[in-house]
1. Most exposed first by the Cβ proxy, i.e. fewest other Cβ within 10 Å, how do Thr190, Thr104 rank?
2. Kindly provide the helix-only [θ] at 222 nm of the chain, computed as the sum of -39,500 (n - 2.57) over DSSP H runs of four or more divided by all residues, to the nearest 500 deg cm²/dmol?
3. Please tell me the relative contact order of the chain in percent, rounded to the nearest whole number, where contacts are Cα pairs under 8 Å and at least six residues apart.
4. Please state, as a whole number in µm²/s, the translational diffusion coefficient that the Stokes-Einstein equation yields for the chain at 25 °C and 0.890 mPa s, with Rh defined as the Kirkwood radius across alpha carbon pairs.
5. Count the net charge of all other residues whose Cβ sits under 14 Å from the Cβ of Ile61, scoring Lys and Arg as +1 and Asp and Glu as -1.
6. Give me Ile221, Ile65 ranked fewest to most by other Cβ atoms within 10 Å of their Cβ, as a rough exposure proxy.
7. Quickly rank 121-128, 206-213 as a protection proxy: mean count of other C-beta atoms within 10 Å, highest first.
8. Can you tally the net charge around Asp91? Count Lys and Arg as +1, Asp and Glu as -1, for every other residue whose Cβ sits under 9 Å from the Cβ of Asp91.
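Nothing in this text is a laboratory measurement; each read-out follows from the coordinates by a stated rule. Since this is a predicted model, take the numbers as computed values, not measurements. Note: ideal-geometry Cβ built from the backbone for every residue, glycine included; neighbour counts use all protein chains shown.
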Amino acid sequence: MNVFDQFEEKPFGPLAEHMAKVKECVSLVGPMFECVRQQNYEELKRISQQVFKEEHKADQIKNHIRETMPKSFYLPIYRGDLLAYLKLQDDIADSAEDVAVVLTIKRLVMPASIADHIMNLVRQVLQVCTSLFECSENLRDLSERDFGGRRVREILDLVAQAEREEWETDKTQFDLAQKLFALEDEMRATDIFLWSNVFQNLGKLANHADKTAERLRRMLIR
């Protein structure tokens, strides 16, 4: 089956293939932070290299979809919306890669006094991504006749859930940043800078998942 047939039969089929690689990137974020907490830097290096590989595979799928998607075909959604959604999906993989890069710039030590708070932020960020992934799973078999039906309403509920979770993540990120800078007399300035960068990239990961969910809503309610 060529790409044209895939988009005609199941509009989100090729996008689901790309999302599968995005999910693999995101699935490695939690283990990387566990490695930092345990100061297992060799395992961190191995996992981060896997993130880079999966992100590259996601890029390859993204480029293939862009190059082969028909310029005109009948669908209940616009080609431009599909490509915009694809770009946002890919931003999630890029953000996971950015987290891996910052965590491996140097051998970071997770401050014991805020370690639990850091891991809580990680869990919240990953929950936003999980809600988006559930939307994606529901999209996989969405056909033209389903648009406007119960399946779409279920997806829109998940989109709203992802948005609420991203809002909570923003608050957690801000509180954690305050706790980090309260340690300025105990930590090197470079370490505070790097951890602040880590938190920002985690926030971007959640934000990109939220934006992808919002783009999905716009496609489904046109």
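1. Values: Thr190 11, Thr104 20.
Sorted ascending by nearby Cβ count, the order is Thr190, Thr104.
2. Values: 8 runs with 174 residues, N = 222.
Value at 222 nm, helices only: -27500 deg cm²/dmol.
3. Working: 248 pairs, mean separation 65.0, N = 222.
Once normalised by length, the contact order is 29 percent.
4. Numbers: Rh = 18.3 Å.
In µm²/s, the coefficient rounds to 134.
5. Values: positive: Lys21, Lys23, Lys53, Lys57, Lys62, Arg66, Lys87; negative: Glu17, Glu24, Glu54, Glu55, Asp59, Glu67, Asp90, Asp94.
Within the 14 Å Cβ shell, the charges total -1.
6. Details: Ile221 11, Ile65 20.
Lowest count first: Ile221, Ile65.
7. My ranking of the peptides, most packed first, is 206-213, 121-128.
8. Numbers: positive: Lys87, Lys204, Lys211; negative: Asp90, Asp94.
For residues surrounding Asp91, the net value is +1.
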